[in-house]
Amino acid sequence: MRPSICIKGIIQSSHYPPVSYHFFIFLFTIFTLLFFTGCEKEPVHSPCHDSPDCIMLEPGQTLRIGVLQALSGGNEANGISQVRSIKIALDECNSEIAGHPVKLQIEDSGCTAEMGNAAALKVAINLDTVAVIGTFCSGSAATAAKVITEAGIAMISGSNSAPSLTSTGGMAGKNWHSGYFRVMFNGTDMARATAWFAFEELGLTRAATIDDGSLYTTEYTSEFTKTFRELGGEISTAISINKGDINMLPAITSILLAKSDCLYFPIYQQEAVALVRQIKDVQKTDKIVFIGGGALLTESFLKDCGEYAKGMYFSSVITPSGGASQMLRETYIKKYGESPQHFSYAHTYDATKLLLQTIESVAVSHPDGTVVIERKALRDALYSTKDFEGVTGKLTCNKFGDCSADKFKIMRLDNPLSGLDGLKNNIVYIFDPNNAHGGYPPQSKR
């Protein structure tokens, strides 16, 4: 019978040679490691494990979407309308995507490049940001889009329209960034439609333009100028003002001395109200035709100008007026107790719906309960959008991120007391860029 083995300094046995104590410990350690390693559960890895391009959501974890909107600086009423339409779209999916609650990180991007950049940094620094909705102003979008897209995050806007954010003349714009999308129209077509209306419909030949130095206003006046001159018109004077300017007499003097018969001013509300009121006080007649841009299509602008704005023309986009569009408007009024401040609330609603459905389509669920969203897959899916049914019409995105195929209209304010609804119903001119023949011929409703 083999004697028992006892561990005490050296293992003794009558049949085996002595074995070192340290060698025994070594063997015991190896055996233990092999045993427990073999029983360890194989970890679950996602296809994009540790990739910054992936968002991995644990069960119950919130899904973050950034929102960049103008919440100060005179455009807060417009920005609030945008945020509200985003929330309406979220309500319709119970604020949930792929089984995860959605969290909105709302930042004030104002209406300047500096504020756009600062707001974008606050969102992009969060590595779990899936996508971004915004901005309201094109000027803040130029810097925000650079920050957001360089972080690999998709950004979609319902109100930006400056041409350079996507394309001009079939070429990438100077402020284009891959991963940026918009549901709003490309402003090139809007500015050209306005020039056609002024020259061909109204017979005006000497147009003055005013911008405020921002991306949106300078690009609109530039495209208007180009088309107006091509048609045979003359730019009597081109004026740049500063944001926040209230004294418009120097600009008005220049306009009158240049014998202008038309004034195109795609600027924002604060400066536009001062301009309209002061020029009417000085001129006292209606010799100069006023044409404003879409940024002035707000109840507050019409209220602040009152009778001063009577006879003024406004350029805008044609959107469906019944069905889903009417239901959205009624939902907005019921939820917030007032009408939307800006027409682009519907475009932002569509941008949100498109984004939410696309996120849902690329989200991948794993056996361990995690959900993985690849940012690149999301961007690719957005670029592949075709005939998405929105309240503003069917959306199809091109390689530059333009997803709208809008037609345009010119409206005239005959009765300031009728408000925004009355103005929208008084269409005097319709323009379809898709039916162009050797240019941008108008389709008049006069």
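The values are calculated or read from the model by the stated rules, or taken from the named source; none is laboratory data. Predicted model, so just to flag it, every value in this text is computed and none were measured. Note: ideal-geometry Cβ built from the backbone for every residue, glycine included; neighbour counts use all protein chains shown.
Brief remarks follow.
- Count of residues meeting criterion [surrounded by fewer than 20 Cβ atoms within 10 Å (Cβ to Cβ) and either polar (S, T, N, Q) or more than 15 Å from TYR313 (Cα to Cα) (or both)] in the range 253-268: 6
- Test: residue in the range 329-344 that is among the basic types (Lys, Arg), part of a helix (DSSP H, G or I) and surrounded by 13 or more Cβ atoms within 10 Å (Cβ to Cβ): yes
- Failed criterion for THR385 (all others in (1) outside any helix (DSSP H, G or I); (2) surrounded by 22 or more Cβ atoms within 10 Å (Cβ to Cβ); (3) polar (S, T, N, Q) hold): (2)
- Qualifying residue in the range 347-359 (condition: not in a helix (DSSP H, G or I) and not β-branched (Val, Ile, Thr)): no
- Every residue from the range 170-185 that is touching a residue at least 24 places away in the same chain (Cβ under 8 Å), part of a strand (DSSP E or B) and surrounded by fewer than 24 Cβ atoms within 10 Å (Cβ to Cβ): ALA172
- Per-region count, the range 388-424, residues within 22 Å of ALA198 (Cβ to Cβ) and part of a loop (DSSP other than H, G, I, E, B): 3
- Screening ILE427, ILE373 for residues that are at pLDDT 90 or above and buried (at least 17 other Cβ atoms within 10 Å of the Cβ) leaves exactly one candidate, ILE373.
- Among residues of the range 316-331, those that are touching a helix residue (DSSP H, G or I) at 6+ places or on another chain (Cβ under 8 Å) and closer than 18 Å to LYS409 by Cα, counted: 4
- Scan of the range 186-205 for residues that are hydroxyl-bearing (Ser, Thr, Tyr), buried (at least 20 other Cβ atoms within 10 Å of the Cβ) and over 24 Å from SER81 (Cβ atoms), ordered by number: THR188
Every residue, every condition in (1) in contact with a Phe, Trp or Tyr (Cβ under 9 Å, 6 or more places away or on another chain); (2) more than 28 Å from GLY152 (Cα to Cα), yes or no:
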{"position": "LYS335", "(1), (2)": "no, yes"}
{"position": "PRO340", "(1), (2)": "yes, yes"}
{"position": "PHE343", "(1), (2)": "no, yes"}
{"position": "THR352", "(1), (2)": "no, no"}
{"position": "SER361", "(1), (2)": "no, no"}
{"position": "LYS376", "(1), (2)": "no, no"}
{"position": "TYR383", "(1), (2)": "yes, no"}
{"position": "GLY390", "(1), (2)": "yes, no"}
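Each row is one residue, and each column tells you yes or no for (1) basic (Lys, Arg); (2) touching a helix residue (DSSP H, G or I) at 6+ places or on another chain (Cβ under 7 Å); (3) under 21 Å from PHE136 (Cβ atoms); (4) not assigned by TED's automatic domain parsing to the domain that holds ALA70.
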site	(1), (2), (3), (4)
CYS262	no, yes, no, yes
VAL282	no, yes, no, yes
PHE301	no, yes, yes, yes
GLY311	no, no, no, yes
PHE314	no, yes, yes, yes
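- Pairs are defined by a Cβ separation below 7 Å, a sequence spacing of at least 6 or placement on different chains, a first member in the range 271-290 that is within 21 Å of GLU201 (Cβ to Cβ), and a second member that is surrounded by fewer than 16 Cβ atoms within 10 Å (Cβ to Cβ); the pairs so defined are ASP286/GLY311.
- Listing of strands (runs of 3 or more DSSP E) fully contained in the range 74-169 that carry 2 or more residues being free of Cβ contacts under 8 Å to residues at least 60 places away in the same chain: 100-108
- Residue in the range 345-361 that is charged (D, E, K, R), closer than 16 Å to SER161 by Cα and either touching a strand residue (DSSP E or B) at 6+ places or on another chain (Cβ under 8 Å) or in contact (Cβ under 8 Å) with a residue 60 or more places away in the chain (or both) present: yes
- Restricting the range 302-322 to residues that are without any contact (Cβ under 8 Å) to a residue 60 or more places away in the chain and part of a loop (DSSP other than H, G, I, E, B) leaves a set whose member that is farthest from SER159 (Cα to Cα) is GLY322.
- For THR188, the requirement of being in a helix (DSSP H, G or I) and either within 29 Å of SER384 (Cβ to Cβ) or assigned by TED's automatic domain parsing to the domain that holds ALA120 (or both) is met.
- Any chance ILE55 is farther than 22 Å from ARG182 by Cα and of a type outside the set (S, T, N, Q): yes
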